[in-house]
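The values are calculated or read from the model by the stated rules, or taken from the named source; none is laboratory data. Everything numeric here is computed off the predicted structure, so don't read it as measured data. Quick reminder, even Gly has a Cβ in these numbers, built from the backbone with ideal geometry, and neighbours come from all protein chains shown. To get the accessible areas, we keep the full protein, side chains included, count just its heavy atoms, and leave off ligands, DNA and RNA. Shrake-Rupley method; radii C 1.70, N 1.55, O 1.52, S 1.80 Å.
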Amino acid sequence: MKTLRSVFTASLAVLVTLSTMLYVTGCEKSSEPEDTVQPITEDLFPLVVGRKLIFGGFLRDKTTDANIEATGAVYEARMTVVANNSATPFGPAHVLSDSQRVPTGLANPPTTWVVGQFLIQRDAPTGSGNFSFLTNIGRFYRTFSINRPDSLQWIMLVRQDAGVGGEWTGFDGTWTAPAGQVRLQIVGKIEGRETLTLGGQSFNAYKITATRRVYLGGSTTPAQVAQTATIWLAPNIGIVKFIFNADGESNGFYREYKSRNF
């Protein structure tokens, strides 16, 4: 017959064993990867003066935002870096000349070059960094009868420190319109990487989208959601594919890389 002492000793041994098992199990490191942001450190758009990118593509219909296939026969675009850290009415910016050859109907000659600019702000013209484009939101003002002179706004289209899959607010503003409060928010996102074959070359490019959300009357649910732009950026080269969506007033465009001078 077991003595009281032997029973106590056996019970104590079982408790020590269970305690040891719980300690080891509780301290074991999880094999699950940590959910951390991995910033993109490559130079996605080197703004070196003199560099030129040439594109083919299409104009996009003002109303349907579909490619106008007939324009593909003549459409061409050229983006050239013309200045770094240039003084502008909107602050220091890197300046790109943007030229589009577009059809002009029955005119003679049948095509014409439309020349404009892109202004870009980033800490340095080259290297890793977030950057913003100066964008016209006049169409939004006119839609809601907002009378303001500041239709040109800086919108952050690329945020490299957000990493792949990351979202950010590129612009957010609220105004009082005749019909009530209206808010415009533009959200950017790095969707991922895609392998593209364009102009006889292969690119592993980052796809970045910008989405417009309009909120009415203080609601937290958007009344309108629409794509604003999609760009594909190849490290050390820049834009290799670009969709600028039509807005109901102006044609958008679809561009694909053809060649470059570097």
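Apart from one condition, residue 176 fits all of (1) outside any loop (DSSP other than H, G, I, E, B); (2) within 26 Å of residue 75 (Cα to Cα); (3) open to solvent by 70 Å² or more (accessible area, probe 1.4 Å); the exception is (2).
Does the range 229-240 contain any residue that is open to solvent by 20 Å² or more (accessible area, probe 1.4 Å) and either closer than 18 Å to residue 169 by Cβ or not in a loop (DSSP other than H, G, I, E, B) (or both)? The answer is no; no qualifying residue exists.
Scanning the range 48-76 for residues that are farther than 10 Å from residue 253 by Cα and among the hydrophobic types (A, V, I, L, M, F, W, C) yields a count of 8. For the range 72-86, taking the residues that are more than 22 Å from the chain's Cα centre (by Cα) and closer than 16 Å to residue 102 by Cα, the one that is surrounded by the most Cβ atoms within 10 Å (Cβ to Cβ) is identified as 75.
Screening the range 214-226 for residues that are open to solvent by less than 70 Å² (accessible area, probe 1.4 Å) and part of a strand (DSSP E or B) and picking the one that is farthest from residue 157 (Cα to Cα) gives 215.
Of everything listed in (1) open to solvent by 30 Å² or more (accessible area, probe 1.4 Å); (2) touching a Ser or Thr at 6+ places or on another chain (Cβ under 9 Å), the single unmet condition for residue 96 is (1). For the range 52-71, give me each residue that is surrounded by fewer than 15 Cβ atoms within 10 Å (Cβ to Cβ) and small (Gly, Ala, Ser). Within the range 52-71, 66, 70 meet the criteria.
Name the pairs: first residue in the range 134-151 and within 11 Å of residue 214 (Cβ to Cβ), second residue among the β-branched types (Val, Ile, Thr) and assigned to a loop (DSSP other than H, G, I, E, B), Cβ to Cβ under 8 Å, at least 6 apart or on different chains? So the pair list comes out as 140/146. Among the residues that make up the range 131-144, is at least one of them open to solvent by 70 Å² or more (accessible area, probe 1.4 Å), under 25 Å from residue 254 (Cα atoms) and among the polar types (S, T, N, Q)? Yes: the range 131-144 contains one or more residues that are open to solvent by 70 Å² or more (accessible area, probe 1.4 Å), under 25 Å from residue 254 (Cα atoms) and among the polar types (S, T, N, Q). Taking the range 244-262 as the range and being open to solvent by less than 60 Å² (accessible area, probe 1.4 Å) and either closer than 23 Å to residue 49 by Cβ or without any contact (Cβ under 8 Å) to a residue 60 or more places away in the chain (or both) as the test, the residues that pass are 255, 257, 259. All conditions in (1) more than 23 Å from residue 67 (Cβ to Cβ); (2) touching a Ser or Thr at 6+ places or on another chain (Cβ under 6 Å) hold for residue 230, with the sole exception of (1).
Within the range 158-165, is there a residue that is closer than 24 Å to residue 260 by Cβ, open to solvent by less than 60 Å² (accessible area, probe 1.4 Å) and assigned to a helix (DSSP H, G or I)? Within the range 158-165, one or more residues are closer than 24 Å to residue 260 by Cβ, open to solvent by less than 60 Å² (accessible area, probe 1.4 Å) and assigned to a helix (DSSP H, G or I).
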